[in-house]
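Colleague: So that we are looking at the same thing, I have put the structure below in structure tokens.
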Amino acid sequence: LRKLGIKKIRYLAKGKRSIVYAGNYKNKKVAIKIKKAGISAKFVIKNEVKFLKILNKHNIGPKLIYFSKDFVVYEFVKGKEILDYFKTAKIDKILKIIREALRQCYVLDELKINKKELHHPVKHILIYKNKPVMIDFERCYYAKKPKNVTQFCQFLLSGEISEILDKKYIKIDRNRLIKLLKIYKKNQTKGNFVKITKEV
């Protein structure tokens with residue numbers, strides 16, 4: 001990492017499969033993900049790189065900067081976790097974040113990529129410069145019918161976030177949204193997706 005010119009490397013966080021460090025690269029702050037020693041999941045880094053490459057083309061995820069078989073370096077996302085952001089943000093900004101997060105989820109669905117954690121994305125969606133940024137793609141996989149839009153909507157309907165939205169006077173018709181999600185689950189078309197976005 002130092003040979004690449006990355007300076008001031010310091011520990012940031014630890015996950016089940018990897019350890020994340022922060023560093024400085026060309027006067028920019030970066031994150032460095034390294035697979036934990038002894039972890040049986042062989043493709044932690046390979047998977048992260050594979051899907052970051054694809055999703056960066058659609059303005060999803062932190063910008064990929066460098067990778068090897070042992071680590072990946074990407075843009076550091078200094079943002080609030082989505083729930084913390086919602087607690088203090090104004091209504092218009094919350095709605096903007098929800099709609100953009102849904103757009104990203106739909107792109108993932110279109111690409112047949114399943115992210116898995118979006119039913120509870122507290123640590124997987126950070127709000128950076130008033131935009132939602134998804135992080136952690138090591139567990140992504142291809143699926144015939146991905147569940148990104150449906151899982152994120154489950155999150156919006158969950159008790160924890162419903163309470164926050166209620167306090168902001170953001171009302172989502174639960175029964176109608178569930179009905180639309182069932183239709184979308186069977187047929188993931190743009191038209192069915194647009195109907196979901198109109199409920200928020």
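The values are calculated or read from the model by the stated rules, or taken from the named source; none is laboratory data. All values derive from a computational prediction rather than experimental measurement. Please note: Cβ atoms are built from the backbone with ideal geometry, for glycine as well, and neighbour counts cover all protein chains shown. Heavy atoms of the whole protein, side chains included, go into the accessibility calculation; ligands, DNA and RNA do not. Shrake-Rupley method; radii C 1.70, N 1.55, O 1.52, S 1.80 Å.
Colleague: Return one whole number: the accessible area per residue of the chain in Å², for a 1.4 Å probe.
Modeller: Computed with neighbouring chains in place, this is 59 Å² per residue.
Colleague: Whenever you get a sec, compute what percent of the accessible area on the range 105-162 sits on carbon and sulfur atoms (1.4 Å probe).
Modeller: In the range 105-162, the share of accessible area belonging to carbon and sulfur is 53 percent.
Colleague: For K80, enumerate residues with amide H under 5 Å from its amide H, sequence gap 5+ or separate chain, H modeled in the peptide plane.
Modeller: I127
Colleague: Can I ask one more? Just check the range 25-101 against the gyration tensor rule for me: Cα atoms, a ≥ b ≥ c as the square roots of the eigenvalues, rounded for a/c under 1.5, and otherwise prolate or oblate depending on whether a/b exceeds b/c.
Modeller: prolate
Colleague: Give me the net charge of K33's neighbourhood, meaning all other residues with Cβ under 13 Å from the Cβ of K33; Lys, Arg count +1, Asp, Glu -1.
Modeller: Counting the neighbours of K33, the net charge comes to +3.
Colleague: For the chain, count the residues as N, evaluate 2.2 N^0.38 Å, and divide the Cα radius of gyration by that value, please.
Modeller: Computed over Cα atoms of the chain, the ratio equals 1.07.
Colleague: Please list the non-local residues whose amide H lies under 5 Å from the amide H of I65, H modeled 1.01 Å from N, same-chain partners needing a gap of 5 or more.
Modeller: V73, Y74, E75
Colleague: List the trypsin sites (Lys or Arg not before Pro) in the range 124-157 that DSSP assigns to loop (not H, G, I, E or B) and whose Cβ has at most 11 other Cβ atoms within 10 Å. Which are they?
Modeller: K129, K144
Colleague: If you roll a 1.4 Å probe over the range 1-103 with all protein chains in place, what percent of the accessible area is carbon or sulfur?
Modeller: Result for the range 1-103: 53 percent of the exposed heavy-atom area is carbon or sulfur.
Colleague: Would you mind computing, in nm to one decimal, how far apart the modelled labels at A37 and N56 are, each placed 7 Å from Cα along Cα→Cβ?
Modeller: Here the answer is 2.9 nm between the modelled labels.
Colleague: Still on this structure: Counting other Cβ atoms within 10 Å of each Cβ, which trypsin sites (Lys or Arg not before Pro) in the range 1-95 have at most 16 and sit in a DSSP loop?
Modeller: When the trypsin sites (Lys or Arg not before Pro) of the range 1-95 are filtered for loop state and at most 16 Cβ neighbours within 10 Å, R2, K3, K16, K26, K36, K42, K57, K63, K69, K78, K90 remain.
Colleague: What angle do you read, to the nearest 10 degrees and between 0 and 90, between the alpha-carbon axis of helix 174-186 and the longest principal axis of the chain?
Modeller: Relative to the chain, helix 174-186 is tipped by roughly 60 degrees.
Colleague: May I pose another question? Sticking with the crude label model, points 7 Å out along Cα→Cβ, report the distance from A13 to K46 in nm, one decimal please.
Modeller: Result: 2.5 nm between the two label points.
Colleague: Relative contact order of the range 64-197, please, whole-number percent, based on alpha carbon pairs below 8 angstrom and at least 6 residues apart.
Modeller: That works out to 24 percent.
Colleague: Turning to a different aspect of this structure: Could you give the nm distance between label points at I172 and K63, where each point is 7 Å from its Cα heading toward the beta carbon?
Modeller: It is 3.2 nm.
Colleague: Here's another thing I want to ask about it. Taking only C-alpha pairs under 8 Å that are 6+ residues apart, what is the relative contact order of the range 34-105 in percent?
Modeller: 22
Colleague: Where the centre of each part is set by its Cα atoms, how far does the range 1-51 sit from the range 146-200, in angstrom?
Modeller: 34
Colleague: Full-extension gain between S162 and Y141, please, as 0.36 nm times their residue separation minus the C-alpha to C-alpha distance.
Modeller: That pair, S162 and Y141, stretches by 4.7 nm at full extension.
Colleague: Right, here's the next one. Loop by DSSP (not H, G, I, E, B), at most 13 other beta-carbon atoms within 10 Å: where is the longest site-free stretch of the chain for chymotrypsin sites (Phe, Trp or Tyr not before Pro)?
Modeller: Value returned for the longest uninterrupted segment is 44-168.
Colleague: Can you give the Kirkwood hydrodynamic radius of the range 111-200 from its Cα pairs, in Å with one decimal?
Modeller: Mean inverse Cα-Cα distance, inverted, gives 14.1 Å.
Colleague: When N is the residue count of the range 93-159, what does its C-alpha Rg come to as a fraction of 2.2 N^0.38 Å?
Modeller: Taking N as the residue count of the range 93-159, the ratio is 1.03.
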